[in-house]
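Colleague: Here you go, one structure.
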Amino acid sequence: MPKQMMNVLTVALVLAASVPMLAQASGKDTYTAKCQMCHGADGMAATPAGKSMKAIPFNDPQILNKSDTELIATTKNGKGKMPSYAGKLSDEDIKTLITYIHTLQKK
């Protein structure tokens with residue numbers, strides 16, 4: 001294989017491997033800025049604001065059993081006392097946020 005092609009493949013592999021890390025970092029930043037006050041750093045909703053709003057912990061079956069499509073819709077439209085983030089977060093921001101929330105569910 002020519003050296004130039006090897007270099008292109010190497011760069012492509014490095015970029016492909018870095019995308020999940022970038023998404024997680026971006027999702028974490030969005031979570032910290034928009035969600036952590038109520039849902040807590042660990043997603044268990046044990047904050048004063050989370051308790052007063054009756055936020056559901058992310059490891060609760062009510063949340064675990066929801067599809068990403070449902071979680072995205074809830075984030076966009078709001079639910080109960082949770083505000084809508086439609087127009088405040090891009091679709092990509094919401095997707096990376098949901099990806100980050102899944103990491104909290106695994107802890």
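Bear in mind these aren't lab numbers, they're just calculated from the coordinates by the rules spelled out. All values derive from a computational prediction rather than experimental measurement. So basically every Cβ, Gly included, is an ideal-geometry build from the backbone, and we count neighbours across all protein chains shown.
Colleague: Give me the one-decimal nm value for the distance between modelled label points at Glu92 and Ala33, 7 Å along each residue's Cα-to-Cβ direction.
Modeller: The two pseudo-label positions are separated by 1.4 nm.
Colleague: Moving on to the next point. Using a 10 Å cut-off around each Cβ, can you sort His102, His39 from fewest to most neighbouring Cβ atoms?
Modeller: By the 10 Å Cβ count, ascending: His102, His39.
Colleague: By how many nm would the segment from Ser67 to Ala49 grow when fully extended, if each residue of separation counts as 0.36 nm and the alpha-carbon distance is taken off?
Modeller: Once the chain is fully extended between Ser67 and Ala49, it gains 3.9 nm.
Colleague: Which three extents, in angstrom, do the Cα atoms of the range 19-105 have along their principal axes, listed largest first?
Modeller: Cα spread of the range 19-105 along its principal axes, largest to smallest: 35, 25, 23 Å.
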